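Okay, so here's the structure we're looking at.
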Amino acid sequence: MRAILIVFLKEFRENLRERRTLYTALILGPLLGPALFAGMLALQLHKGVASADKPLPVAVAHGERAPNLIAYLSEAGAAVTATDLSGEDARRAVQAHRYERVLVVPPDFAASLGSGTPAPLELYADASDAAAAADTERLRAHLAQYSSRLARLRVVARGIDPLVLNTLAVQDIDVSTPVTRSVLLLGTLSYLMLLTMLMGGVYLAIDATAGERERGSLEPLLTLPVPRQQLIFGKILAACAYMLLSLILTVTAFAILLRFTGLERLGMSINLGPAVAVRLVLYCLPLIPLGAALMTIVAAYTRTYREAQSYLGLVLLVPTLPLVFAGVLGLRPSLAMMAIPSLSQHFLITSLLRDEPLPVSYVALACGATLACGAVLVAIAGRLYRREALLG
Amino acid sequence: MIEARGLCKRFGDIEAVRAVTFTAADARITGLLGPNGAGKSTTLRLLYTVLRADAGDACIDGVSVSQAPLQAARRLGVLTHGAGIYPNLTARENILYFAALQGLRAAEARARAAQLVQLLEMEEFADRRAKGFSQGQRVKTALARSLVHRPQNLILDEPTNGLDVMAVRSLRELLRQLRAQGHCVLFSSHVMAEIAALCDEVVVIGSGQVLSCGTPEEIRARTGTAGLEEAFVALIAQGQG
């Protein structure tokens, strides 16, 4: 036991002096990640809020054929520009992104309207242009409103109650709360949290195995009268310590930065106060030994520092893969899924941030299963260090 | 005392060490001499418990390396090939790390490290980070590290590689001192002059086998050659023939 502690203290101290480890574990991951996330979020929210009040640009060809419609659109907030494009020209103009959308009023518009038959309108827009699609949708809504207003007037003119046009009275009742509305954001947040936590241990895992072999200091270490498992356990423990530091810093950075992003302006809020932050760290804790052992095992199989670096880049994806599946498949927590490490942490994190606590049995299974997997991997790493081929 | 008895080691199809038997006695400097790739390093690795022998055994002061590798290792100081040390620790911290892992108490370890820094004339660089050390400084640090627990037996794998003349002379002086104190010193080299200048006993290895062993005079007499170098060349030729 004493040897484990000695190795741990030495690795911890040595890596405090290694700029590369410090940058990734304590600065780059925990601060840059959350800062970037919060910045992007703020930008996106700003854009989303702003576009709702923004005038809706629409180019109209032959607006003189439908003066009432144009007046209605202008009143509704559309910025109407007049063009003389028609048919093919309008299509090309939209394709070339000269206009986001063009509304063409055909010559027979007024005549159709007068005779009570459906009046033709041509709306040219690019559905694949995601940025313009939202505004086009707004234009369609305005047109539909105008159409329904005309219909009512016609019905009234024929002496019929316009209420007959309303066959259904659907009431939309939104049950989402400000917290649940930010779910997608929370998913990304839990992904970033687990990823930066793992990154905190990467360089230490490499340095303690492939790096030590490359420097030629592994062989002298193995000549000492210390069981080899104790050496590797000390190294894994040091990687765990850096991962824990990284995790604490990341959670703290998220907790502070998210206060300044203005989520509530989109009717969202994130439940990330100090008490929740502490529980986030506790929930992620069981994943630390698993990650550290996994990275150590992979790094111990590689021959050089560089090789270890490229393999660990892939390994970082493995524990985060379940999160991606959860996102793509829209998985919801179930007892069986809580047995899957990293997926269970993802569920724990999001449920905590959504303020929808999971049953205690879920939490216990998540922690137990993750710790058990970690213990198996630590044992494998210990066996690996007894192999002779370790010297390379 | 280090005794190798019929040590065998194979890596895949290659028989690196074939039934190597020799004894390195206390108060003697024993040299393991052989061309590159003869199996010197593998033999030493079997002795200092980093590799396990496929057959045969070795005893360090009577303790079997196959039966009780940790106890055997405790009686050994080892300077491995290349003398790898930790670049982010100072020379003294490198020594103290090994002292702690050898089980020395903190105060005892500090006193011993100070003593070794003086003995090996490391005062100038003892508290500098090892990043950027010269090969001579690295070897001194690694040597101090391997002596920190006062081992009875010292194994050195090509210790003079990359050292300048002054460093080689002070290393020889140190090894002679250890011999005078009754320690067993075993080192490998492919440099004839090195062996001739220092060794009481020579073990000549070629193609993983012991070709001859004894004092330099005995080996010369046995091969009927004038110098040790001629004897060595004759033995290697025999071994390959």
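The values are calculated or read from the model by the stated rules, or taken from the named source; none is laboratory data. Here the structure is a predicted model, which means the values were calculated and not measured. Ideal geometry is used to build each Cβ from the backbone, glycine not excepted, and the neighbour counts take in all protein chains shown.
A few notes on this one:
- Only one of the numbered conditions (1) surrounded by 23 or more Cβ atoms within 10 Å (Cβ to Cβ); (2) modelled with pLDDT under 95; (3) of a type in the set (A, V, I, L, M) is not met by residue B:60, and that is (2).
- Of the criteria (1) part of a helix (DSSP H, G or I); (2) more than 14 Å from chain B (Cβ to nearest Cβ); (3) over 23 Å from residue B:87 (Cβ atoms), which one residue A:229 fails: (2)
- Residues being more than 10 Å from chain B (Cβ to nearest Cβ) and either in contact with a Lys or Arg (Cβ under 6 Å, 6 or more places away or on another chain) or assigned to a helix (DSSP H, G or I) (or both) - total across segment A:1-10: 2
- Residues in segment B:80-98 that are surrounded by 24 or more Cβ atoms within 10 Å (Cβ to Cβ), at the interface with chain A (Cβ under 10 Å from one of its Cβ atoms) and not hydroxyl-bearing (Ser, Thr, Tyr): 4 in all.
Residue by residue, here is whether (1) within 14 Å of another protein chain (Cβ to nearest Cβ); (2) at pLDDT 90 or above; (3) on the phi < 0 side of the Ramachandran plot holds:
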position: A:170; (1), (2), (3): no, no, yes
position: A:177; (1), (2), (3): no, no, yes
position: A:184; (1), (2), (3): no, no, yes
position: A:195; (1), (2), (3): no, no, yes
position: A:204; (1), (2), (3): yes, no, yes
position: A:220; (1), (2), (3): yes, yes, yes
position: A:241; (1), (2), (3): no, yes, yes
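- Elements of type helices (runs of 4 or more DSSP H) contained in segment B:137-240, each with 3 or more residues being under 24 Å from residue B:82 (Cα atoms): B:165-180, B:192-198
- Put simply, of A:91, A:13 the only residue that is among the charged types (D, E, K, R), within 14 Å of another protein chain (Cβ to nearest Cβ) and in a helix (DSSP H, G or I) is A:13.
- Scanning segment B:27-57 for residues that are within 25 Å of residue B:218 (Cα to Cα), crowded, with 24+ Cβ neighbours inside 10 Å, over 11 Å from the mean Cα position of the chain (by Cα) and of a type outside the set (Gly, Ala, Ser) turns up just one, B:33.
- Condition met for residue A:135 (farther than 30 Å from residue A:260 by Cβ and among the acidic types (Asp, Glu)): no
- Of the criteria (1) over 23 Å from the mean Cα position of the chain (by Cα); (2) surrounded by fewer than 18 Cβ atoms within 10 Å (Cβ to Cβ), which one residue A:295 fails: (2)
- Residue in segment A:124-134 that is surrounded by 12 or more Cβ atoms within 10 Å (Cβ to Cβ), in contact with a strand residue (DSSP E or B) (Cβ under 6 Å, 6 or more places away or on another chain) and in a helix (DSSP H, G or I) present: no
- Residue that is more than 18 Å from residue B:182 (Cα to Cα) and touching an Asp or Glu at 6+ places or on another chain (Cβ under 9 Å), where the choices are B:47, B:51: B:51
- Of the criteria (1) small (Gly, Ala, Ser); (2) in a helix (DSSP H, G or I); (3) farther than 30 Å from residue A:211 by Cβ, which one residue A:313 fails: (3)
- Scanning segment A:69-85 turns up no residue that is among the hydroxyl-bearing types (Ser, Thr, Tyr) and assigned to a loop (DSSP other than H, G, I, E, B).
- Residues (surrounded by fewer than 16 Cβ atoms within 10 Å (Cβ to Cβ) and not β-branched (Val, Ile, Thr)) located in segment A:310-326: A:310, A:313, A:314, A:317, A:321, A:325
- Qualifying residues in segment B:50-70 (those that are outside any strand (DSSP E or B) and under 19 Å from residue B:25 (Cα atoms)) - the one farthest from the other protein chains (Cβ to nearest Cβ): B:62
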